[in-house]
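See structure below.
The values are calculated or read from the model by the stated rules, or taken from the named source; none is laboratory data. Computed from a predicted structure; not experimentally measured. We place every Cβ from the backbone using ideal geometry, glycine too, and count neighbours over all the protein chains shown. Please note that ligands, DNA and RNA were not included when accessible areas were found on the heavy atoms of the full protein model with its side chains. Shrake-Rupley method; radii C 1.70, N 1.55, O 1.52, S 1.80 Å.
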Amino acid sequence: MPALAHPHPRAHVDSARLGRLAIASLHAELACAPKPGLVTPFDSGSHADMDAGTFLRSLFALRHYFRDAARAGASAAPFAQLRRHGIAAEAAMLRATGGINTHRGAIFSLGLLVAAAAACRRDTGRTPAAEQVCLAVQRWAPAVASAPLDANSPGQRMRAAHGVAGVREQAIAGYPILRELGVPTLRHALAAGLPREAALCHTLMRLVAHVDDLNLLHRGGAAGLAWARLQARDFIAAGGAFAPQWRVHLAAIGDGFVARRLSPGGSADLLACSWFLLQQEAA
């Protein structure tokens with residue numbers, strides 16, 4: 001009688017390291033400037049209720065969440081467990097910021113990606129490519145699709161009013177916006193020699209040019225979203241961050257965003273996710 005085959009041993013996952021990379025990615029997004037309408041270390045963009053300090057307090061409050069998301073992914077936890085971690089993280093964020101939403105979108109998307117990165121490592125014993133991590137989120141797709149939504153949140157109101165997809169649909173589809181746009185743009189910019197900040201700003205504007213950013217819709221309606229996309233496309237058409245005077249150009253665009261009180265917060269979350277996905281490839 002042949003001996004029973006031993007199951008493939010599960011690889012050890014450094015969940016704490018993945019958690020630190022997630023926080024570092026959100027910090028990298030905060031630190032880069034200029035970013036039209038968004039909070040940077042130098043100004044508050046289009047936001048009267050938050051500044052860089054608000055974001056840093058939020059990041060401190062979230063420091064254990066992403067580690068816990070990685071542990072859940074590494075233990076093949078169901079989405080319900082990830083969701084409980086996310087709800088607790090959102091409550092911690094709101095306590096730290098005095099009720100201001102700094103990272104709700106990132107808690108969802110980056111949390112899922114961290115968990116997926118850990119699950120890939122556990123299953124294969126290897127460091128996964130960014131695209132593989134995005135597709136691995138689909139293991140939770142049925143549960144994500146059936147999870148209750150907060151119909152009163154600004155994002156959900158915009159989804160209903162304008163009939164556009166949000167991060168839930170992106171997650172269910174394995175984040176095509178990251179696989180096809182965010183990660184390749186950032187990877188190319190870095191490989192072409194752009195410094196980190198320039199590569200991040202360039203990628204942000206490519207995302208703004210293409211994403212149905214619910215935060216832009218919330219603040220400016222369909223006209224505000226269309227205007228923001230046009231500015232981003234003009235920036236990219238002029239060379240983006242590869243152009244010699246890109247900072248001057250982007251700062252001028254930022255003045256227009258602030259005058260219209262527009263802020264591409266959804267695109268900023270996707271930028272942080274793109275940076276995390278590339279960084280975890282080297283971890």
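Summary table below
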| item | result |
| --- | --- |
| A88 at negative phi and either assigned to a loop (DSSP other than H, G, I, E, B) or open to solvent by less than 30 Å² (accessible area, probe 1.4 Å) (or both) | no |
| Residue match in the range 95-110 (condition: open to solvent by 40 Å² or more (accessible area, probe 1.4 Å) and among the basic types (K, R)) | yes |
| Answer residue from the range 59-85, given it is of a type in the set (G, A, S) and assigned to a helix (DSSP H, G or I) and is nearest to G125 (Cα to Cα) among those | A74 |
| Any hit, the range 231-248, residues being at pLDDT below 95, out of contact with any strand residue (DSSP E or B) (no Cβ under 9 Å at 6 or more places or on another chain) and buried (at least 21 other Cβ atoms within 10 Å of the Cβ) | no |
| Selection count where residues are open to solvent by 10 Å² or more (accessible area, probe 1.4 Å) and either β-branched (V, I, T) or in a loop (DSSP other than H, G, I, E, B) (or both), scope the range 254-283 | 5 |
| Residue count, the range 113-132 (criterion: open to solvent by less than 20 Å² (accessible area, probe 1.4 Å) and either in a helix (DSSP H, G or I) or of a type in the set (G, A, S) (or both)) | 9 |
| The lone exception for D150 - which of (1) part of a loop (DSSP other than H, G, I, E, B); (2) surrounded by 15 or more Cβ atoms within 10 Å (Cβ to Cβ); (3) touching a helix residue (DSSP H, G or I) at 6+ places or on another chain (Cβ under 7 Å) it fails | (2) |
| Lone unmet requirement of (1) open to solvent by less than 20 Å² (accessible area, probe 1.4 Å); (2) out of contact with any Cys (no Cβ under 9 Å at 6 or more places or on another chain); (3) small (G, A, S); (4) closer than 16 Å to N215 by Cβ for A48 | (1) |
| Search result, residues across the range 19-62 that are polar (S, T, N, Q) and touching an Asp or Glu at 6+ places or on another chain (Cβ under 7 Å) | S44 |
| Only one of L110, L38, L135 that is touching a residue at least 12 places away in the same chain (Cβ under 8 Å), within 16 Å of the chain's Cα centre (by Cα), within 19 Å of L200 (Cβ to Cβ) and not in a loop (DSSP other than H, G, I, E, B) | L110 |
| Residue in the range 44-56 that is part of a loop (DSSP other than H, G, I, E, B) and either closer than 24 Å to L135 by Cβ or charged (D, E, K, R) (or both) present | yes |
